[in-house]
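Here's the structure we're looking at; comments come further down.
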Amino acid sequence: MFGQFRDSILRVDPVYFCANYLTIDSKPLNLEGTGYKPFADIYRYIGLKAIEHDAKPVVLVKGRQVGATTMAAALECYFTACGLFGTHERAPMRLMHLFPTLSLAAAYTKDKLDVIIGQSKPVPGTMKGNGLPKSYMETKLDSSNPSNNNMHFKKFMFGNQVWIESTGLDGNRIRGRSIDGAFYDEIQDMGDIAIGTTNKALTQSNYGAKGDGVQVYFGTPKTRGGSYWNMWQNSSQNYYHLRCEKCGKYFPLYHPSIRWEDVWIYGLTVKCPDCGHEQDKLEAQERGKWIPLNNPDTSDYVGYHINQLYIPSFTRETIEKAKPERSAINTERLYMNEVLGEFYDGEGGTITSAEIRDKCVEKGRKMLKFIHPELGKRTYAGFDWGQRGALEQMAGRGRKGSYSCAVILTSDGNLFNVEFATRLLRPDPETKMSTVEEMFRRYNMTLAVGDIGDAYDLTHKLQRIYDERFLASRSSHKVNGHVKYSNDEWPKTIVFEKDYYISEILGLLKDGRIKFPGGSYDRIDWLIEHCASMDIKVTRDKSGEPLKKFVKGSGANDGLMALLNAYIAWKFDVTQGFTIANPLHMKYDIAKNIRSEQAVVGYVPQLFRGGK
Ligand SMILES: [Zn+2]
C-alpha cells in the first residue's frame, strides 16, 4: 500500500514518470543517467512549470537528434496518464501536437506516439487480443469508443486527450477546437497566420496562462527572421552551464560568447575556463544548470537552446566529424542548423518552405483533375524517378530516400501554375508507366520530360509511345550554354547544367513566379518541403579555390526535380528545342521576361561569379 502511495506522489514528477512507465528502444526512458540533466530540466519545466497560471510560452531552439519529439511524446503520455489531470476535481488535459503538414502528423503518430504507447511498461493481470499484457499507456486509453484512438486523436481516461494535427497553411483545420496545451513541432516551417489561428484554440484553456494556455514551440532553426527567430529573440535564451568540480563556478559548454572547442577539449573531457581544471564532461553536465542570457522577467518567452553538444553519447570527435570541412555530406548550413542548432543565413541561393508559402501559395486555387483540350492551354509534365514509393513513407520509414514524383505545370503570362502534383505510391515500372499514361490522358499534354538516370528502359518505352512529346533529361556538371538537345541521340535527351537550372528554378520560386494551389494545400505540402530541401556545399577545386554547388538538403527533393523537369519541358517548347536565342522571337511572354530579367533576379548562381 505504502509503495503505491509513494508511486502516486512521485508519478507527478515527469522524469520519474518517464523512467518508470515509458521505454525507448526497450530501455526505460531514464533521464537521471549521467549527463542527461539538461534534458531532465526541460522535461520538468514543461511538465510542472509551464502549466501554472503565471507561465510563459516555451520556445526550444535545438539541433536534430536531441530527442525533442520523443520528449513531446513522453510529456503527452505524462499529461494524459500520470493521474494528476481529470481527477480530484482537476480539469482534464486536452493537448494538441501540431506539425506543419498532415503527413508529418501522421508519421509522428505511427513512428513515435503509437510506439511509446504500445511499449510502455506492461501491466500484469491485463491481456490484449494477442495474449500479451497491455502496456501502461494502453490501460489508460479510453476504450469506450473505437474513434478514441486513431491517427489524429487519442482519448485517455478522465477526459485527457491528445490531438495530432497540422497547422497547414492557415490553421483552418484547428478552428473551433478548444484545448489546454499546444506543442508546435517543426515550428521553423510554420507561418505566423497558422500559429495565430491555432493559438485561438487556447483561449478557454484550464492550464497555463489565462487565455493563452500551455504553449511549447520547438524546431530546428533555419534562417534568421520569421516567427521562430522572433520568438527566440524575445525569449530568456537559457544556455546550459556546466559546473566545475574544483572551483564550483558555472561555465557554458556552448554559448554565443565563447568557442566551444576551447571548453570541450577532447573525448568526454572539458576544461574549466576559470581554474583550468580538466574534468569529466558528463559529470560536469550533471552538476550544471540553465542560465538565461536575457532577463526572464522582461522576456515574452522562456527559451532553451539545446544542441548535439549535449547528447551524452557524443564525444568531441563526433561533433568534429560533422563539421562541413570534415564531412563529405554536411554543408555549412546543415552543420549550423542541425548540429549546433543555430539560425544561419550564410547562403542566399536556397529557399525555405516558409518563403515558398508566403510567396508562391495561391489561396483557394485547387489542383486540377483535367485540362480540357478546348481550353487551348499548353501543358507540361515533369517526372523524377526514384527507387521508393510513397507507400513506404506512409508506413513510417522516415523522410529520407528518393521518390517518384510527377508535376503538371502551365504558364500564364508571367507566371507558372502547378496544376497537379503527386508522389507515386509504388516505385515499380508498371506504376510509373501508368502514371505517365494517366497524365497524358488527363492533361492534354504538350510536352513531358522525365529524368533518365534510373529509368533507361522506361524512357525507351515512353518515347516509343509518345515520340517527341516525351523527352528524357540528364543533368551534367557543365554544359556549354547551360543546356543542349540533340535529336540524334536515342532516347532523345535534354542535357542540362545542374547548378544553373536549380539556381534558375529557385530564383523563380524566390520571385513568387511559380504558384502552388493553396486550395489543395494538404496534397502539395510535400512538394513545398521538397522545393525547400536544397543546400549549398562548398568544396575546393584542385587549386584550392572554393566551389559552390547545390546538393540535396536533409529531406527528399524529388518533387523539386520533377518541377524542374516540367520547367525544362516548358523552356524546350518556347525556345523550339533551345534553338531560339533572341528573346524577341519567343512565343510566350514569360520567356522574354526571364531572358531580360536574368541579371536582376539573380538566377545566375554564385558559383559563376567566382571567388567568395
Ligand atoms: Zn574551475
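The values are calculated or read from the model by the stated rules, or taken from the named source; none is laboratory data. Because the structure is predicted, anything quoted here is derived from the model rather than measured. Counting neighbours? That spans all protein chains shown, and the Cβs are built from the backbone with ideal geometry, glycine included.
Conditions (1) crowded, with 16+ Cβ neighbours inside 10 Å; (2) in the same structural domain as residue 411 (by TED's automatic domain parsing); (3) under 24 Å from residue 354 (Cα atoms), marked per residue:
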{"site": "448", "(1), (2), (3)": "yes, yes, no"}
{"site": "456", "(1), (2), (3)": "no, yes, no"}
{"site": "461", "(1), (2), (3)": "yes, yes, no"}
{"site": "465", "(1), (2), (3)": "no, yes, no"}
{"site": "513", "(1), (2), (3)": "yes, yes, yes"}
remark   = Of the residues in the stretch 263-274, those that are within 14 Å of the ligand (Cβ to nearest atom) and either farther than 23 Å from residue 294 by Cα or surrounded by 16 or more Cβ atoms within 10 Å (Cβ to Cβ) (or both) come to 263, 265, 269, 270, 271, 272
task = Being free of Cβ contacts under 8 Å to residues at least 40 places away in the same chain and assigned to a loop (DSSP other than H, G, I, E, B) is the filter here, so list the residues in the stretch 310-328 that pass it.
result = 313, 314, 322, 323, 325, 326, 327, 328
query = Inside the stretch 46-92, can you point out the residues that are surrounded by fewer than 23 Cβ atoms within 10 Å (Cβ to Cβ) and of a type in the set (Ser, Thr, Tyr)?
reply = 69, 70, 87
task = Would you be able to say whether some residue in the stretch 326-337 is of a type in the set (Val, Ile, Thr) and under 30 Å from residue 214 (Cα atoms)?
result = no
request  = Determine whether residue 227 is assigned to a helix (DSSP H, G or I) and either of a type outside the set (D, E, K, R) or within 15 Å of the ligand (Cβ to nearest atom) (or both).
outcome  = yes
query = How about the stretch 330-345: which of its residues are part of a loop (DSSP other than H, G, I, E, B) and without any contact (Cβ under 8 Å) to a residue 60 or more places away in the chain?
reply = 330
request  = For the stretch 239-250, indicate whether the set of residues that are among the basic types (Lys, Arg), within 16 Å of the ligand (Cβ to nearest atom), over 30 Å from residue 334 (Cβ atoms) and not in a loop (DSSP other than H, G, I, E, B) is non-empty.
outcome  = yes
Residue ID - nearest to residue 45 (Cα to Cα), chosen from residues in the stretch 275-311 that are among the small types (Gly, Ala, Ser) and within 13 Å of the ligand (Cβ to nearest atom) = 288
query = Of the residues 366, 377, which is among the charged types (D, E, K, R) and modelled with pLDDT of 95 or more?
reply = 366
ask   = Does residue 66 satisfy the criteria of being of a type outside the set (Lys, Arg) and assigned to a loop (DSSP other than H, G, I, E, B)?
value = yes
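Across the stretch 404-425, what is the number of residues that are among the small types (Gly, Ala, Ser) and outside any loop (DSSP other than H, G, I, E, B)?
The total comes to 3.
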query = Taking the stretch 453-482, which residues are in contact with a Phe, Trp or Tyr (Cβ under 9 Å, 6 or more places away or on another chain) and on the phi > 0 side of the Ramachandran plot?
reply = 481, 482
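Among the residues of the stretch 477-523, what is the count of those that are of a type in the set (Ser, Thr, Tyr) and either in contact with a strand residue (DSSP E or B) (Cβ under 6 Å, 6 or more places away or on another chain) or in a loop (DSSP other than H, G, I, E, B) (or both)?
Here the count works out to 2.
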inquiry  = So for the stretch 523-546 (the condition being under 21 Å from residue 481 (Cα atoms), at pLDDT below 90, touching a Leu at 6+ places or on another chain (Cβ under 7 Å) and not assigned by TED's automatic domain parsing to the domain that holds residue 222), does at least one residue qualify?
reply    = no
request  = Give the residues of the stretch 556-585 that are of a type in the set (Val, Ile, Thr), at pLDDT 85 or above and either under 13 Å from residue 484 (Cα atoms) or assigned to a loop (DSSP other than H, G, I, E, B) (or both), sorted by residue number.
outcome  = 568, 575
request  = Within the stretch 352-384, work out how many residues are closer than 17 Å to residue 533 by Cα and either out of contact with any Phe, Trp or Tyr (no Cβ under 9 Å at 6 or more places or on another chain) or in a helix (DSSP H, G or I) (or both).
outcome  = 9
